[in-house]
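Each remark here refers to the structure printed beneath this line.
Every number here is computed from the coordinates shown, using simple stated rules; none is lab data. Just so we're clear, the structure is a prediction, and the values are computed from it rather than from any experiment. Because the Cβ atoms are built from the backbone with ideal geometry, glycine has one as well, and the counts that use them run over all protein chains shown.
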Amino acid sequence: MRSTTRNFVDNAARGLADDKLQAALGRLSQGFPVKRLETISRLPEFEQLRDDAIAIKRHTLENLDSYLERYEENAKVSGAHVHWARDGDDAREIILGICRDAGAKTVTKGKSMVSEEIGINEFLADNGVEPIETDLGEYIIQLRDEPPSHIIAPAIHLSGAQVADTFKESHDELDADRDLSEPRTLLEEARAILRKKFLAADVGITGANMLIAETGTSVIVTNEGNGDLTQTLPKTHIVIASIEKVVPTLEDAATILRILARSATGQDITVYTTYSTGPKRADDLDGPENYHVVILDNGRSSLLGGEFEDMLRCIKCAACLNHCPVYKAIGGHAYGWVYSGPMGAVLAPALLGLGETHHLPSASSLCGRCQDVCPMRIPLPRLLRQWRRRWFETGGEDTKTRLGLAAWAFLAKRPALYRPLMAIGTSVLKLCGGGGRRFPILPRPEGGSFVDQWKRGKR
Amino acid sequence: MKAARSEILANVRSALNKKDIEIPSAVDERLRAHAINTVPARVSGADADRIAIFIEEAERASATIERIKAPKELAGAVTAYLKSIDEEQAVRAAGHPLLKECLAEQTILEVTEGPSDGTDTVALTAAFAGIAETGTLVLCAGSESPTTLNFLPDTNIVLLPEVSIVGTYEDAWAALRQTMGSGVMPRTVNWITGPSRSADIEQTLLMGAHGPRRLHIILLADS
């Protein structure tokens, strides 16, 4: 998928001015974060489970080569074909090759951010294989030719009315005057259309939430059941998973599952958790005859052992998006690529380079909410600061910013000069800042500065 | 793609400062031991009422539940349930020995056996286990349990012997290892917690996204 991250500033401004998006983002605050609190309040061991999960990931990353090899070995024993892809090019060629061998005309897909990362849909379509997204949210944005705006709720930026318009335009074989005013009717229409696609598909592609080394198993979690229909009905199932998805044992997977859905949608567990080990067996009555796993690096191995290694613990739950004041103000499309919010602002520079993505680490108030809610306690604010520092050190910042920072540093080291200037600035803001005034975007200060208040004994 | 494999593994090893390509014994030891991490005390204690917790949690996930005392009561329970949701008295059943035993003498239901091709409206299956922790059913693919039955029919009726209800996820893995042997998995293990759902449109939660609209669990008491 091509990134528009360079245009972050314009993208963000557009997001802020989009009323429909703002309404959708308002709903987000009332949904996932509230449910998350409810579910973790019913699990006294939640904090301990987070610590366990971190220890599992740390141990696995320290021995990543070994666990990948054991995973591959055990998957092969069960009849899996395991492929290795250095980057998107490798992965796309491997997947197209499998589709061609299967004589595939259509491919159904479960929701997979890694598949978005490598832009598999466009590539397959260009090569004569029709990809069909089957997760309801992904299906909607595929029809609209949009990228996901949220890693677990890809169509969260849309209203029901917008979805209805999309369906009327795309499903033009149906009665144009049908009533699509309720989410239920939209769901039923998509269900009926996609049911036929599931049954007709030649290949099913899913991602993986985990790979289990002990048994050579891939795991997906879904609520809709689309991932299962995708991988059960066609003759060929392709799993695409990045290298950091491997965990040692079934028990380790259980620990991570306990924190995954709770942090993501606020469910105790998703409706479907599916463990796949190899293709259809002799006594099986259904299931895919071919089972392929594509293990993708795409820049992740270069994060190991470095200052961004913590990011490889990410389990893509989206808790950091759901709690980020910046994400909730501008929406996911502003970030311009697959991954958005704080995790996206750390991951995108690692995978695409800072030249393309340098705006993202700056799009944070560093309030720390993301780190608080991250089930893997990834120090996202620290990682964002590290990217900022790198950008500054490589001379990336423009002259205006550099001069501004130099001026601030000069003043900050001279309190006798800094304080009176601050007082003047505050007075000016009191006159011009706040809603309805000259600079409505700047807040109107209330009370004195911290130092003033401290002097007056307020502490 | 041999080159890709060795290149990726070499990159990983060099990032980890690893000179040795041998797999450390600690890794294999961990895989062999598959040690249990933290588990919820609520379901792991000796005095935990696993059946009651299973029922509570499965209902929280929007499954419906009833209990029967003997195998021969299954047909009557299924019949009454199908009547209550206005469905015809026909099921596509898994060829599971327990289901065969339960349905041996019944004459009310039309029962056909095998996987689903998408034309069946009601599935009747038997679960390998139930997990009290989250009211989760465990179904293992095989000749006695075709996977398509879990996803294609609109209504999913699952028979679960109460004796197969365990406390935690780890207990379910232990039970599976006892049946299949360590390190061996069925082709597919499905954990199912409630009926299919989606909240992708305006975050409105709706049942019956792509999979079953209803999940009805029939618990069979120990005999």
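Take every DSSP beta bridge with both residues inside chain B and express the antiparallel ones as a percent of the total, to the nearest 5. Antiparallel bridges make up about 30 percent of those DSSP assigns within chain B. Applying a 4.7 Å Cβ-Cβ cutoff to chain A, the cysteines left without a disulfide-compatible partner are A:Cys99, A:Cys314, A:Cys317, A:Cys324, A:Cys367, A:Cys374, A:Cys432.
Extent of region A:344-459 along its three principal axes (Cα atoms, max minus min coordinate, largest first): 47, 36, 33 Å. Here r is the Cβ-Cβ distance between A:Ala282 and A:Arg385 and R0 is 60 Å; the resulting FRET efficiency, rounded to 0.05, is 0.60. Counting lysine pairs in chain B that sit 8 or more residues apart in sequence, or on different chains, and whose Cα atoms lie under 23 Å apart gives 7. Could you tell me the relative contact order of chain A? Use alpha-carbon pairs under 8 Å, at least six residues apart, and round to a whole percent. With pairs under 8 Å counted, the relative contact order is 21 percent. On the basis of the beta-carbon distance and an R0 of 45 Å, A:Lys413 and A:Glu122 show a calculated FRET efficiency of 0.30.
For B:Gly208, what charge total do you get from the other residues with a beta carbon under 10 Å from its beta carbon, if Lys and Arg give +1 and Asp and Glu give -1? It would help to have the intermediate numbers written out before the result.
Values: positive: A:Arg184, A:Arg191, B:Arg197, B:Arg213, B:Arg214; negative: A:Glu188, A:Glu224, B:Asp154.
Overall, the nearby charge balance is +2.
May I ask you to derive the FRET efficiency for A:Val77 and A:Ala17 from their Cβ-Cβ distance with R0 = 51 Å, giving the value to the nearest 0.05? Each step should come with its number before you reach the end.
Details: r = 56 Å, r/R0 = 1.10.
Once rounded, the FRET efficiency stands at 0.35.
Okay, helix-only estimate at 222 nm for the protein assembly as shown: each DSSP H run of n ≥ 4 adds -39500 (n - 2.57), divide by all residues, round to 500 deg cm²/dmol; what do you get?
Rounded to the nearest 500, the figure is -13000 deg cm²/dmol.
Modelled label positions at B:Met180 and B:Asn17, each set 7 Å beyond Cα in the direction of Cβ, lie 4.0 nm from each other. Where in region A:132-153 does the amide nitrogen come within less than 19 Å of the point 7 Å from the Cα of A:Arg178, taken along Cα to Cβ? Answer for region A:132-153: A:133-144.
Peptide A:291-301 is shielded by partner chain Cβ atoms: per residue, an average of 3 of them sit within 10 Å of its Cβ. Residue by residue along B:143-152, Cβ atoms of other protein chains within 10 Å of the local Cβ number 6 on average.
As a length-normalised measure over Cα pairs under 8 Å and 6 or more apart, the relative contact order of region B:42-220 settles at 27 percent.
If you take every DSSP beta bridge fully contained in chain A, what fraction is antiparallel? Give it as a percent rounded to 5. Once the DSSP bridges in chain A are tallied, antiparallel ones form about 25 percent.
Distance check, please: which entries in A:Lys430/A:Lys458; A:Lys235/A:Lys280; A:Lys245/A:Lys328; A:Lys57/A:Lys245 exceed 18 angstrom between their Cα atoms?
Numbers: A:Lys430/A:Lys458 22 Å; A:Lys235/A:Lys280 9 Å; A:Lys245/A:Lys328 28 Å; A:Lys57/A:Lys245 9 Å.
Correct reply: A:Lys430/A:Lys458; A:Lys245/A:Lys328.
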